[in-house]
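Notes follow once the structure below has been shown.
Just so you know, all these numbers are worked out from the coordinates, no wet-lab data involved. Given the structure is predicted, the values throughout are model-derived calculations rather than measurements. Backbone-built Cβ (ideal geometry, glycine too); neighbour counts: all protein chains shown.
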Amino acid sequence: MCKTYGDGAAAVRALNDVTLEIAEGELLILLGPSGSGKSTLLNILGGLDRATSGVAMFRDRELTSLDDVSLTRYRRADVGFIFQFYNLIPSLTARENVDLVGEIADDPLSAHEALDLVGLGDRLDHFPAQLSGGEQQRVAVARAIAKRPAVLLCDEPTGALDVHTGVRVLEALQEVNKRYGSTTLIVTHNADIARMGHRVVRFLDGAIRSLEANVAPAAPSDLVW
Ligand code: ADP
């Protein structure tokens with residue numbers, strides 16, 4: 001798969017012939033320096049962007065040939081997103097932020113179940129401003145998993161957090177991956193995080209430089225970062 005932004009002299013080749021097969025239920029870390037193409041790949045896999053050439057498949061569906069309506073349906077039904085900044089609605093409580101997703105999903109977890117899973121079952125009625133950054137990110141994790149997505153895409157989920165709160169967020173992601181089998185991709189430039197994945201894909205200049213398996217993925221609390 002290739003992705004080029006712009007054209008002519010200003011063209012940027014964000015992905016250069018990337019080939020990758022991801023197993024159902026896998027926790028995959030996409031590691032590499034800023035600008036190496038990680039978010040571009042994540043956005044194409046999540047149906048937020050389109051490849052310039054090549055094919056992206058989800059199960060037996062070819063994402064690269066779906067029209068906008070079908071791509072939106074895929075995003076809604078099958079994909080949960082977590083970004084570096086939590087994008088919570090400030091005037092809604094934790095429970096209400098998570099409940100919003102319930103309105104567009106078929107068989108959602110209740111907000112209580114989803115918030116319990118990320119360790120915030122006692123903060124249902126708190127507003128984002130009453131929660132720490134790490135807690136807000138865990139609400140964002142709860143919101144993403146409430147629809148039990150087949151695919152969970154996380155772009156620098158701990159990028160704005162200190163070590164301690166970052167670990168809690170990663171624990172929540174690992175737990176969701178184990179419990180619901182959501183295929184989970186975590187984009188990071190932090191090499192320490194890599195050890196918690198089943199596999200690590202290293203990016204450089206829009207290409208995959210290496211692909212390694214972790215025989216025994218580490219618990220986030222054992223990562224030093
Ligand atoms: P990473 O996630 O590894 O930091 P990105 O996938 O965001 O990298 O970016 C890869 C390359 O594509 C970078 O050179 C970036 O500047 C460029 N790029 C990303 N998005 C756009 C865009 N919307 N328009 C133009 N260039 C972009």
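All of (1) within 16 Å of the ligand (Cβ to nearest atom); (2) surrounded by fewer than 16 Cβ atoms within 10 Å (Cβ to Cβ) hold for residue 213 with one exception: (1).
No other residue among 104, 82, 44, 89 is in contact with a helix residue (DSSP H, G or I) (Cβ under 8 Å, 6 or more places away or on another chain), surrounded by 14 or more Cβ atoms within 10 Å (Cβ to Cβ) and farther than 15 Å from residue 182 by Cβ apart from 44. The residue of segment 168-203 that is farthest from residue 25 (Cα to Cα), among those that are loosely packed, with under 15 Cβ neighbours inside 10 Å and touching a strand residue (DSSP E or B) at 6+ places or on another chain (Cβ under 9 Å), is 191.
Considering only segment 107-131, how many residues are touching a residue at least 40 places away in the same chain (Cβ under 8 Å) and either in contact with a His (Cβ under 7 Å, 6 or more places away or on another chain) or more than 19 Å from residue 157 (Cβ to Cβ) (or both)?
Filtering segment 107-131 for residues touching a residue at least 40 places away in the same chain (Cβ under 8 Å) gives 107-108, 117-119, 128.
Within this subset, residues satisfying the condition of being either in contact with a His (Cβ under 7 Å, 6 or more places away or on another chain) or more than 19 Å from residue 157 (Cβ to Cβ) (or both) are 107-108.
Total meeting the criteria: 2.
Check whether at least one residue in segment 190-197 is farther than 25 Å from residue 145 by Cβ and polar (S, T, N, Q), and report yes or no. No, segment 190-197 has no match at all. Answer with yes or no whether residue 70 is outside any loop (DSSP other than H, G, I, E, B), of a type outside the set (Val, Ile, Thr) and exposed (fewer than 15 other Cβ atoms within 10 Å of the Cβ). Yes. Tallying residues that are touching a residue at least 60 places away in the same chain (Cβ under 8 Å) and more than 16 Å from the ligand (Cβ to nearest atom) within segment 193-210 yields 4. Among the residues of segment 65-76, which ones are without any contact (Cβ under 8 Å) to a residue 24 or more places away in the chain and either of a type in the set (S, T, N, Q) or within 16 Å of the ligand (Cβ to nearest atom) (or both)? Selection gives 65, 70. Where in segment 77-192 are the strands (runs of 3 or more DSSP E), entirely inside, with at least 3 residues that are of a type in the set (A, V, I, L, M, F, W, C), farther than 20 Å from residue 45 by Cα and more than 16 Å from the ligand (Cβ to nearest atom)? Ranges flagged: none. I'd like the full set of residues that are among the hydrophobic types (A, V, I, L, M, F, W, C) and touching a residue at least 24 places away in the same chain (Cβ under 8 Å), limited to segment 1-25. Those that are among the hydrophobic types (A, V, I, L, M, F, W, C) and touching a residue at least 24 places away in the same chain (Cβ under 8 Å): 1, 2, 14, 15, 18, 20, 22, 23.
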